[in-house]
Amino acid sequence: MPAADAIEHLVGLQAQEPHEPYVGLWSRLVGFQPDELVELLESRAAVRTQLMRRTLHLVTARDCLTLRPLHQSMLRARMWATLRREMPDVDLIELGQAGRALFEEKPRMLSEAGRALLDRWPGVPARVLGDALGSLVPLVQVPPRGLWGQRGPALNTTVEAWLGQPLTESTSEARDRLILRYLAAYGPAAAADIRAWSGLSGLQDSLTRLRPGLRTFRDERGRSLFDLPDAPLPDPQAPAPPRFLPAFDNAVLGFDDRSRIIDAADRGLSVAGARFVLVDGRVGATWTAVSDATTATLRIAPLVRLRRRDTDAMVAEGRRLLAFLAATAKRRLVEVTGS
């Protein structure tokens, strides 16, 4: 499928690290090439903005306009819970209005906007003011940040200035649609999984409305799991080829109960930015890629004991990934720890 369709199917790709979505799409799509996502970003058909769990996500422009209002209250609340001790006398409405004017004037880094407002709130660090503005004002990071093979400062402007359209209204119907889209990508899932993925609270009303039209299951803990009525359920015996995931991928972070995909002993790695390899559908290893002037190396560190055939398949997929990441390298090496 086209990259834009995949991004919408996944309800966005985690994009705290600017280039991680490229690996997420490469692992999921046949024949994906970086230029396809570059074109989406340069044409403003896709953007990077704060959304689920108050983290940056890559979404289509259409989704940005509808998803950001749904998450705005959560973003503000999580920001305030984190920063309120450092900005006790700051009027958030006034800060948001002042910050919006700065970002609409020209794209700026958050810290730059914070410094520009120090005269109003001299006792608050610029870093804190900037961090708060990232949640108070609907912003997008503008290219060249996020473009394949390029580096650029994290410059931000408002969603409306970049897309030339107003944000939509946050409604209960929009929240219902978000839950159905989550289930289409990640179900079956419990209410706690949807809450952990989105960061949103108050989902029970939506689930009550939607439940008659959903398929339900019970997991080993007795929790209700919800899914779309026509969603396929794979045969447990079907082989799952190895897949290399980028950092913070929602295939792992998109659940409260992550035991479905990662062992409890390794769960901490998922929030530390580790890049995982799925082996037979579960986290079986981590990976890193390093390069110098001539050589690119992919290093794989198993987390579980692997069968030889799984290791061979993982190395073969690793070679394909390295060819994608370092197409111009003269030498490309795949190393497996302990092999």
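The values are calculated or read from the model by the stated rules, or taken from the named source; none is laboratory data. For clarity, every value in this text was computed on a predicted model and none was experimentally measured. When we count neighbours, we look across all protein chains shown, and the Cβ atoms used for this are built from the backbone with ideal geometry, even at glycine.
List of remarks:
- Inter-residue pairs, beta-carbon under 8 Å, first farther than 13 Å from LEU133 by Cα and at pLDDT 95 or above and in the stretch 69-83, second outside any helix (DSSP H, G or I) and of a type in the set (A, V, I, L, M), 6+ apart: PRO69/LEU167; LEU70/LEU200; HIS71/LEU51; HIS71/LEU200; MET74/LEU200
- For the stretch 189-204, the criterion of being in contact with a Pro (Cβ under 9 Å, 6 or more places away or on another chain), farther than 23 Å from LEU25 by Cβ, modelled with pLDDT of 95 or more and not assigned by TED's automatic domain parsing to the domain that holds PRO143 is met by none of the residues.
- All positions within the stretch 18-72 that are under 23 Å from PRO138 (Cα atoms) and basic (Lys, Arg): ARG44, ARG48, ARG53, ARG54, ARG62, ARG68
- Number of the condition not met by ARG211 [criteria: (1) basic (Lys, Arg); (2) in the same structural domain as PRO69 (by TED's automatic domain parsing); (3) in a helix (DSSP H, G or I)]: (2)
- Single residue of ARG100, ARG85 found to be in the same structural domain as VAL142 (by TED's automatic domain parsing) and either within 22 Å of GLU160 (Cβ to Cβ) or touching a strand residue (DSSP E or B) at 6+ places or on another chain (Cβ under 7 Å) (or both): ARG100
Residue-by-condition table, conditions (1) closer than 26 Å to LEU178 by Cα; (2) in contact (Cβ under 8 Å) with a residue 24 or more places away in the chain; (3) not assigned by TED's automatic domain parsing to the domain that holds ALA192:
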site	(1), (2), (3)
PHE255	yes, yes, yes
SER259	yes, no, yes
GLY268	no, no, yes
ARG275	no, yes, yes
LEU278	no, yes, yes
GLY281	yes, yes, yes
TRP287	no, yes, yes
ARG305	no, no, yes
